[in-house]
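The block underneath contains the structure these notes are about, expressed in structure tokens.
The values are calculated or read from the model by the stated rules, or taken from the named source; none is laboratory data. For clarity, every value in this text was computed on a predicted model and none was experimentally measured. In this analysis, Cβ positions are derived from the backbone assuming ideal geometry, glycine residues included, and neighbour counts consider all displayed protein chains. These accessible areas exclude ligands, DNA and RNA; they are computed on the full protein's heavy atoms, side chains included. Shrake-Rupley method; radii C 1.70, N 1.55, O 1.52, S 1.80 Å.
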Amino acid sequence: MPVQRRTPEPDTEPTVSLREPLESLRATFRGTVLTPDDEGYEEARQVWNGMIDRHPAVIARCSGVADVVQAVTFARDQGLSLAVRGGGHNVAGTAVCDDGLVVDLSEMNGVHVDREAMTVRAEGGATLGDVDRETQLFGLATPLGVVSKTGIAGLTLNGGVGHLRRKYGLACDNLRSVELVTAAGEVVTASADEHSDLFWAIQGGGGNFGVVTSFEYTLYEVGPEVFGMFVVHDREHVAEALRLTREFAADAPREASVLPILGFVPEMEEFPAERWGDPMVAILGCHLGPTEAGEATLAPFRELGTPIGDFSGPMPFTDLQCLLDEEFPDGLNYYWKATYLTDLDDDLVDVLVRRWEACPSKLSTVDVWQLGGAIADRPQDASAFWHRDKPYMLTFEANWEDPADTDANVAWVRESIDEVRELPGVVGGYGNFPGFHEDPSQALFGENIDKLVAVKTKYDPENLFRLNQNVEPRVSEEA
Ligand SMILES: Cc1cc2nc3c(=O)[nH]c(=O)nc-3n(C[C@H](O)[C@H](O)[C@H](O)COP(=O)(O)OP(=O)(O)OC[C@H]3O[C@@H](n4cnc5c(N)ncnc54)[C@H](O)[C@@H]3O)c2cc1C
């Protein structure tokens, strides 16, 4: 049968008044239904990225799975576009939409640890901090990200790259199961044994397949004390730090990971005021083994020169997870985009330094994430997450205050990404740092795209879940 991709209809206003349907929604909904006239609506429509200014017709702040089913059914029956909000931290701002309905999970943030099974189950609105708090009570953790305020949902569904990545893999690699509400309003469990095609797809395929109401992850013994590194060197050590990262990556132990960040000294009391705004390289890293071993392993990064600041040392894992929290306040303007590197050769180092020097905002950074280790253990087709074979991820993160500077900052990221992608071995994109989803889905999913389309067609044939890095369902021409 000839096939074509379904192109989403442009978002449309509901043709009939929502008043009556909303009354019946409110009559049984256990959480809160907010419309533009309601107190709390303005706050509820905000997301982390200050660039996003959308006005949903309805925000359905769910208190449980039944509310999620009702909200999804309502959006579908009323012909409303549907956004899903986990932690509201994706830079693309797809957690909210204009004129449609937001399934808001922010109050569904319960976390339960099963110490015997070594698993944790967390609801879809939980943040990294919510999970770490409960798991670290028992000296346990699951791989998530590096900033505690981020939502687990978007992060996990698109991959999830954190401090535990090289030892235990991506967040999505550590899922045991999820509970999910489909476009048809059905509640299903997806795991290796049930709906295994769906389980494969949600491990990296993003929010395309339904609303995940809870995630079940594998736990590991971590810390509670680990060796954390955050050392800041000045301009003259930038290229050296990137070259050292390459040497380090050649035989680094899996317990260790590093993330050099090219930026500018922040205006924080931890740094001498006369250095504020100076070019710098900060190296964030950690080692999960004995802290003495960690200190020795990461020493070369701290000894590159006399640091402007060095905040490294043994620290509780939960402190490591919060180290960057203050750097990314709610409501600033953000535009972030990522690609992958097969090497960090000298030509690339030169380009990165040059692009960083051209950056229009002193709040912005160029980050190189060391990957490898457990991430690369799984075959590329073992889950939807395709680029697991790459040893590095590169992100350009534009952060700025004045909306008048938006064009320059967005252009800096786009031009930088375009330029590096011209180089050999620089490929793909990452759903958690997606810009505004300009890249084709193939760039993220590689050869996994066909299977993703098949799963999408099975579980969401009408493309209800399309405000994301969209995988379009297949439709027959007769349809
Ligand atoms: C300060 C900061 C630090 C970050 N650090 C890291 C990091 O260390 N590692 C990393 O990998 N990423 C990192 N990220 C990126 C982060 O992973 C993404 O922004 C992620 O999408 C955030 O998840 P969220 O639930 O907050 O997203 P939201 O904005 O709430 O949602 C984004 C999209 O995810 C989907 N979605 C959300 N919740 C659900 C759900 N329950 N069910 C189905 N679909 C859902 C929807 O399609 C939605 O549009 C960071 C982001 C920020 C802002």
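The table for this structure:
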{"item": "DSSP loop trypsin sites (Lys or Arg not before Pro) with at most 14 other Cβ within 10 Å: longest gap in the chain", "result": "116-479"}
{"item": "Per DSSP, loop chymotrypsin sites (Phe, Trp or Tyr not before Pro) in segment 216-279 with at most 14 further Cβ within 10 Å", "result": "Trp276"}
{"item": "Nearest 10 degrees, 0 to 90: helix 406-421 Cα axis against the chain principal axis", "result": "70"}
{"item": "Sites matching GluC sites (Glu not before Pro) across segment 35-120 that sit in DSSP coil, with at most 13 neighbouring C-beta atoms within 10 Å", "result": "Glu39, Glu116"}
{"item": "Segment 307-428: C-alpha gyration tensor shape, a/c 1.5 cut-off, then a/b vs b/c", "result": "oblate"}
{"item": "Charge tally in the Cβ shell below 12 Å around Ala296, where Lys, Arg are +1 and Asp, Glu are -1, Ala296 excluded", "result": "-3"}
{"item": "Accessible surface of Trp48 - all protein chains present, 1.4 Å probe, nearest 10 Å²", "result": "10"}
{"item": "Alpha-carbon centroid distance for the pair segment 379-455 / segment 265-297, whole angstrom", "result": "27"}
{"item": "Net charge contributed by nearby residues that have their C-beta within less than 12 Å of Gly93 (K/R +1, D/E -1)", "result": "+1"}
{"item": "Computed P(r) (all Cα pairs; the chain; 20 Å bins; percent)", "result": "24, 57, 18, 0"}
{"item": "For Thr189, solvent-accessible area (1.4 Å; no DNA, RNA or ligand), Å²", "result": "50"}
{"item": "Dipole magnitude of segment 308-349 about its Cα centre (Cβ charges: Lys, Arg +1; Asp, Glu -1), debye to nearest 20", "result": "180"}
{"item": "Cα long-axis angle, helix 291-302 against the chain (0 to 90 degrees, to the nearest 10)", "result": "80"}
{"item": "Calculated FRET efficiency for the pair Glu274/Gln442, C-beta based, R₀ 41 Å, to 0.05", "result": "0.25"}
{"item": "Rounded to 5, the percent of DSSP beta bridges in segment 3-104 classed as antiparallel", "result": "25"}
{"item": "Over 24 Å between alpha carbons, listed pairs Lys337/Lys362; Lys149/Lys458; Lys337/Lys390; Lys390/Lys451", "result": "Lys149/Lys458"}
{"item": "Cα-based shape type of segment 174-311, given that a ≥ b ≥ c are square roots of the gyration tensor eigenvalues and the cut on a/c is 1.5", "result": "prolate"}
{"item": "Neighbour cut-off at most 16 other Cβ (10 Å), DSSP loop, GluC sites (Glu not before Pro), segment 297-340", "result": "Glu303"}
{"item": "In degrees, nearest ten, helix 238-251 long axis to first principal axis of the chain (Cα)", "result": "80"}
{"item": "Surrounding net charge for Leu105, when Lys and Arg each add one and Asp and Glu each subtract one, Cβ distance under 13 Å", "result": "-4"}
